[in-house]
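A.B. asks: Below is the structure I would like to discuss, written out as C-alpha cells.
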Amino acid sequence: MAPQLTLQAPLALPPDEVPAYLNRLWSETLHDSGSASTFTLLVWEPSWLEQQLIRTGRADGPLTGLLSESLLQAARQAVGELGLPSSTAPTAPELAWALGHQSGSHSAEDLRGQFVDRAISVHQPRRLITLAPTLAEDKPLETLVAAYCPLAEERAGGSNACGDVVVLRGGRGAMQQGLAMLQALIQPELPCWIWWNGSMDESPALLEALAVPPRRLVVDSSIGHPHRCLELMVQRIELGQAVNDLNWLRLRTWRESLAMVFDPPNRQAALDRVVQLDIDMEGEHPVKGLLLAAWVADRLGWHLQSSYWIEADAQHEGRGIGAEFQRQDGQSVQLRLMPVPVGVSKIHPGALVGLRLICAPEGQPPLCVILCSESGGCMRLEAGGVASMELVEEVVPLPNESEEMEMARLLSGGHDSTNPLMAAAAALAAKLLPS
C-alpha cells in the first residue's frame, strides 16, 4: 500500500454534513482538478483479527485492514497459543473469536480506508467508501473525508482523474445509523461495487441494505458458515445480481491445471469414464472443495444422486463430505471431500491440499490424476492401489496475491454479470453440502 497524491487531507466531519461537504468540495475547491467518472467502491472492512491482535498486544499498529506478513505470523502464533487446531487458517473467524476472550487493552491509530491501495487506485474510483466497525460496540459514528489523485505514473493515459475517500467508523449499531447518509453518497449514475471484506454471517441487515441490485457484490465464501455462504451467493445470482467470489477466483490455478492434464487427445476420452474424485482440504470449511467438485461435475454433465457426512477417523481432523453422482452413461461416480492434517495452514480457511481423479477408460489401463499444492501433499493421495494405474502427478502453482490485487482484477474486467461457470458451481455446491 502506498499513499496517493492527496488534494485534501482526511477531515473529520459530523455525519450529516458529509454529502453537502463533498458537493462543495468538487464544485468549488477542486473544480479544476478533474473528477473520475468511473465507479463507486464500498468496502465493509471490519478487520476483527487485526483489531484483536492489536488489542491483546500481539501486533503493533497502525490498524490498516491489510494482511501483512507480520500480521499473519502473529495470527499463526496465536493459533498455537490458544490451542486451536493446527489447520486453523489465520483469517478464520474462530481465531478472532478466541482472541476476543483474551485480556488486553492496547490501542493503535486506525487508518482503515484513509489510503487507496495502489492496485485499486490505478482504476481511478470516483468514490471509495470504507465502513470500519470497531470492537467497542458503543463507539459513536465518526466520518472522515479526503480527496486524492493517482500518482503520475499510475494515471491511465496520463489523465488527471481524481476521486474522494469517505470513512465511516464506529460500533456496528452506529454503522446502521449512518445508512441513510451512506446511501446518499452512492451516485446512481455510476456503477457501484460492494466489497463485503469480512464474514458473510455478520451484520446481515446491513449487507441486505447495501448490496441491492444492480450494485455488484464481491464476497469471500471462505469466511462464514458454509451454508450461509453458498445460500447467499445462490440467492443473489438467482435475482440476477452480479456476484463475484474471491474464494472462487483462488480456484483458478486448480481448474487450469486439471484442464491442462486432459489437453492431450489420448486422455480426453478418459474424462467420460471418471469413477472417483477425492479432494483433500485444510480444516473443516468445505466451500472451496465443494466449488471445485461442483465445477468438475457440471463440466462433465454428472447428476447428483445423494450427499452425506463422513465421520472423522484416525487419518482426518474432522468429518468430511461424500456424494454419489451419475455420469451421462448411467454409471456411478463417488466423491470424497476430506479434511487432512497440515503443518502450517494457508491464509484462507478450507484451502485445498490435493485432488485425485480416477478414470477407467474402456480398453485402456486405469488413469489416476493427482494434483497437489505441494509435493508433500501428494503422498496420501498416492496410496490405495494407484500403483497399477497410469499416474499423472502435478504440483499446482498457487498465486500469492492480496485481496486488493484480486479486487483490482475484477475492477479491470468490468464483470457486470456473474461468471456462468461460478453460478453453476455455486448452485450445485449448495446441494452437495449436507444439511
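A.B. asks: Here is a list of conditions, (1) at positive phi; (2) under 28 Å from the mean Cα position of the chain (by Cα), and Gly384 meets all of them except one; can you say which number that is?
C.D. replies: (2)
A.B. asks: Can you tell me which of Ser86, Ser47, Ser68 is on the phi > 0 side of the Ramachandran plot and among the polar types (S, T, N, Q)?
C.D. replies: Ser47
A.B. asks: Working only within the range 68-105, note down all residues that are among the aliphatic types (A, V, I, L, M) and crowded, with 19+ Cβ neighbours inside 10 Å.
C.D. replies: The answer is Leu71, Ala74, Ala75, Ala78, Val79, Ala89, Ala92, Leu95, Ala96, Leu99.
A.B. asks: Now for a separate question. Kindly list, by first and then second residue, each pair from a residue in the range 55-71 that is among the β-branched types (Val, Ile, Thr) to a residue that is open to solvent by 40 Å² or more (accessible area, probe 1.4 Å) and at pLDDT 95 or above, limited to pairs with Cβ atoms under 6 Å and residues at least 6 apart or on different chains.
C.D. replies: Thr56/Gln102
A.B. asks: While we're on this one: All but one of (1) under 22 Å from Gln176 (Cα atoms); (2) of a type outside the set (Phe, Trp, Tyr); (3) touching a residue at least 60 places away in the same chain (Cβ under 8 Å); (4) open to solvent by 20 Å² or more (accessible area, probe 1.4 Å) hold for Thr40; which doesn't?
C.D. replies: (4)
A.B. asks: Still on this structure: Working carefully through the options Met405, Met379, find the one that is open to solvent by 70 Å² or more (accessible area, probe 1.4 Å) and under 18 Å from the mean Cα position of the chain (by Cα).
C.D. replies: After applying the criteria, what remains is Met405.
A.B. asks: Okay, next question. Considering only residues that are touching a residue at least 24 places away in the same chain (Cβ under 8 Å) and outside any strand (DSSP E or B), look in the range 263-274 and name the one that is most open to solvent (accessible area, probe 1.4 Å).
C.D. replies: Pass one, the range 263-274, residues touching a residue at least 24 places away in the same chain (Cβ under 8 Å): 267, 269-274.
With the extra rule that they be outside any strand (DSSP E or B), the set shrinks to 267, 269-273.
Numbers: Arg267: 54, Ala269: 60, Ala270: 6, Leu271: 45, Asp272: 95, Arg273: 61 Å².
The extreme case among them is Asp272.
A.B. asks: May I ask you to say which residue of Pro420, Pro434 is within 26 Å of Leu304 (Cβ to Cβ) and free of Cβ contacts under 8 Å to residues at least 12 places away in the same chain?
C.D. replies: Only one candidate passes the filter, namely Pro420.
A.B. asks: Which ones in the range 276-313 are exposed (fewer than 15 other Cβ atoms within 10 Å of the Cβ) and part of a strand (DSSP E or B)?
C.D. replies: If we filter the range 276-313 for residues that are exposed (fewer than 15 other Cβ atoms within 10 Å of the Cβ), which is where we start, we get 301, 303, 305-306, 308-309, 311-313.
Within the range 276-313, His303, Gln305, Ser306, Tyr308, Trp309 qualify.
A.B. asks: Turning to a different aspect of this structure: Regarding the range 392-400, can at least one residue be identified that is hydrophobic (A, V, I, L, M, F, W, C), under 30 Å from Cys359 (Cα atoms) and free of Cβ contacts under 8 Å to residues at least 40 places away in the same chain?
C.D. replies: yes
The values are calculated or read from the model by the stated rules, or taken from the named source; none is laboratory data. Quick caveat, the model's predicted, so the values are computed rather than measured. Because the Cβ atoms are built from the backbone with ideal geometry, glycine has one as well, and the counts that use them run over all protein chains shown. SASA here: full protein model, heavy atoms, side chains in, ligands and nucleic acids out. Shrake-Rupley method; radii C 1.70, N 1.55, O 1.52, S 1.80 Å.
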